[in-house]
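Chemist: Right, I'll just put the structure down here and ask away after.
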Amino acid sequence: MNSRHFLLLVLAGSLLELGGCKNLLKKRDPDAAPSAAPVAVVVPSATVAPVAPAVPEPAPAQPVADEATVPTSQDFEDDAFAKITPANFRAQFAQIKAEVAKP
């Protein structure tokens, strides 16, 4: 199926959906009166206890991080160059891969 057939199929489907929506809107009658009048419900005041409004607890203050203490990628690169050598590359790679795979 080439792209021209696919586009024609999408266009035809969209037109059918729009036509269906238009029919649904026409079937509604906004001028019709509701069939049942709303019923008033009377609740005795003796059975209703006053409810205190819920007061949300204030959110804890977020600690402000010092930009100098936040580690950057350069910090990790220096550590990686010190730890990983051509001799232990495969073992370190397997260890990192296992750490990443943990849920």
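The values are calculated or read from the model by the stated rules, or taken from the named source; none is laboratory data. Since we're looking at a predicted model, the values are computed, not measured. Cβ sites come from the backbone with ideal geometry, for glycine too, and all protein chains shown count toward neighbours.
Chemist: Quick one: which of 100, 64 is assigned to a loop (DSSP other than H, G, I, E, B) and either among the β-branched types (Val, Ile, Thr) or surrounded by 10 or more Cβ atoms within 10 Å (Cβ to Cβ) (or both)?
Modeler: Working: 100 fails: assigned to a loop (DSSP other than H, G, I, E, B).
Testing whether each residue is assigned to a loop (DSSP other than H, G, I, E, B) and either among the β-branched types (Val, Ile, Thr) or surrounded by 10 or more Cβ atoms within 10 Å (Cβ to Cβ) (or both) leaves just 64.
Chemist: List the number of the failed condition for residue 83; all other conditions in (1) among the charged types (D, E, K, R); (2) within 35 Å of the chain's Cα centre (by Cα); (3) at pLDDT 65 or above hold.
Modeler: (2)
Chemist: Quick one: residue 95 ticks every box in (1) of a type in the set (S, T, N, Q); (2) exposed (fewer than 10 other Cβ atoms within 10 Å of the Cβ); (3) under 37 Å from the mean Cα position of the chain (by Cα); (4) at pLDDT 75 or above bar one, so which box is it?
Modeler: (2)
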